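Asker: Can you keep this structure in mind? I'll have questions shortly.
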Amino acid sequence: MSKGSGRFTRVRIAHTIHAPRAAVWAELRQLDRHVLWMKDAVSITFHGDQQEGVGTTFTCETKIGPFRTNDVMTITSWIEEREMTVHHKGLITGAGRFVVRGDHGRHCVIRWEERLTFPWYFGGSITGIFAKPIFKALWQRNLDRFGELVLRNLEAEEAAPTETTEQQVDPTQLDVPPGV
């Protein structure tokens with residue numbers, strides 16, 4: 001981590017999604033799609049072929065208001081359908097963690113926790129105090145969009161035609177000579 005003020009800013013938010021945990025994780029695991037629901041994520045560029053799991057590294061171009069930065073991120077924890085932790089270095093360093101809990105076939109809760117350290121030359125922990133409500137509101141809207149995306153995915157999946165393994169044949173439509 002870069003040298004900060006010695007203190008960090010913690011942001012915690014949560015969102016209930018009326019979908020099974022598997023559907024929530026199916027979207028969350030696709031790191032390249034985070035730009036679809038994270039308003040502050042402009043682009044994601046992977047450092048190699050690995051795109052999921054522990055050790056995945058990527059650069060995320062981030063924009064909040066007039067501020068832009070390229071954060072280098074590394075996935076440090078990955079527990080299928082449960083949690084993902086990412087460490088990031090950029091203008092602001094820290095760690096973020098997504099935790100998915102519950103699954104009663106109807107809903108689950110996704111929690112997003114961040115520990116952020118602001119550099120001394122950017123105001124350190126004082127900047128963190130003022131930035132916290134901005135990040136909290138922005139990321140809460142991000143989770144709202146994430147939940148909407150998961151539900152759209154489920155609706156599209158349900159609307160997709162299913163393939164049948166057996167074909168139903170109307171015997172009156174067969175070209176069979178009489179008496180056979």
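The values are calculated or read from the model by the stated rules, or taken from the named source; none is laboratory data. In this text, all values refer to a predicted model and were calculated from it rather than measured experimentally. All Cβ positions, even for glycine, are placed from backbone atoms using ideal geometry, and neighbour counts span all protein chains on display.
Asker: Is it the case that region 66-74 has a residue that's modelled with pLDDT under 95, in contact with a Lys or Arg (Cβ under 9 Å, 6 or more places away or on another chain) and among the β-branched types (V, I, T)?
Answerer: So far as region 66-74 goes, yes, one or more of its residues are modelled with pLDDT under 95, in contact with a Lys or Arg (Cβ under 9 Å, 6 or more places away or on another chain) and among the β-branched types (V, I, T).
Asker: Do we have any residue at all in region 17-33 that's closer than 23 Å to K132 by Cα and either part of a helix (DSSP H, G or I) or modelled with pLDDT of 95 or more (or both)?
Answerer: No - not one qualifying residue is present in region 17-33.
Asker: Hey, can you tell me all the residues within region 95-108 that are surrounded by 15 or more Cβ atoms within 10 Å (Cβ to Cβ) and either at pLDDT 95 or above or touching a Cys at 6+ places or on another chain (Cβ under 9 Å) (or both)?
Answerer: Scanning region 95-108 gives A95, G96, R97, F98, V99, V100.
Asker: Moving on. Among (1) touching a residue at least 24 places away in the same chain (Cβ under 8 Å); (2) of a type outside the set (V, I, T); (3) surrounded by fewer than 13 Cβ atoms within 10 Å (Cβ to Cβ), there is one condition E52 misses while meeting the rest; what is its number?
Answerer: (3)
Asker: Mind listing just one residue for me: the one in region 131-149 that is in contact with a Leu (Cβ under 9 Å, 6 or more places away or on another chain) and of a type in the set (A, V, I, L, M, F, W, C) and, of those, surrounded by the fewest Cβ atoms within 10 Å (Cβ to Cβ)?
Answerer: Per the stated criteria, the residue is L149.
Residues are listed down the side, and each one gets a yes or a no for (1) within 17 Å of E27 (Cβ to Cβ); (2) under 16 Å from the mean Cα position of the chain (by Cα):
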{"position": "G90", "(1), (2)": "no, no"}
{"position": "R101", "(1), (2)": "yes, yes"}
{"position": "E113", "(1), (2)": "no, yes"}
{"position": "Y121", "(1), (2)": "no, no"}
{"position": "Q140", "(1), (2)": "no, yes"}
{"position": "L151", "(1), (2)": "yes, yes"}
